[in-house]
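Just so you know, all these numbers are worked out from the coordinates, no wet-lab data involved. Fair warning: this is a prediction, and the values are worked out from it, not measured in the lab. All Cβ positions, glycine included, derive from the backbone under ideal geometry; neighbour counts span all protein chains shown.
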Amino acid sequence: MAIQPAFFFTFLWAIYHRLWLAALVLCVGLFSLNRIAEWSQHLVNNSALESYVFYAIVLFGVIGNKLIERKLIAKGSVLRGFSRLASGKEALEEFGQLEAETVKS
């Protein structure tokens, strides 16, 4: 499993991919976790609460591509398969050829 850009650039990555709701939830969630950590410094070890911020960022990095996939499916795109080609153009050509072969059969 490769490291996703969403792990490093959480909020900016979500905005770039027009995942407005995910960006909002992430922003509010991280803000809330930081406020809770500040307010409860005298009750709980602060580093334990700050680790939850790290876990939230890791979770966002792991599910980032799934969020894009769900957004595209909601807009009407159809998942035809997975490709590890170098570019989107090559992937479209490959799946276009597969679709043409399927129609001919």
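Things worth noting here:
- Inter-label distance for Ile73 and Val58, nm, one decimal - labels placed 7 Å from Cα along Cα-to-Cβ: 2.6
- Given R0 = 25 Å, the distance between the Cβ atoms of Lys89 and Lys66 translates into a calculated FRET efficiency of 0.60.
- Relative contact order %, region 5-74, counting alpha carbon pairs below 8 Å whose residues are six or more apart: 42
- Residue-by-residue Karplus 3J(HN,Hα) for region 60-68, coefficients 6.51, -1.76, 1.60, Hz, glycine and proline x: 4, x, 6, 9, x, 5, 5, 5, 5
- Residue order, fewest to most beta carbons within 10 Å, for Glu38, Glu69: Glu38, Glu69
- Look at the dipole of region 5-74 built from charges on Cβ: of Ser51, Ile36, Leu12, the Cα furthest out on the positive end belongs to Leu12.
- Overall, the ratio between the Cα radius of gyration of region 5-74 and 2.2 N^0.38 Å, rounded to two decimals, is 1.24.
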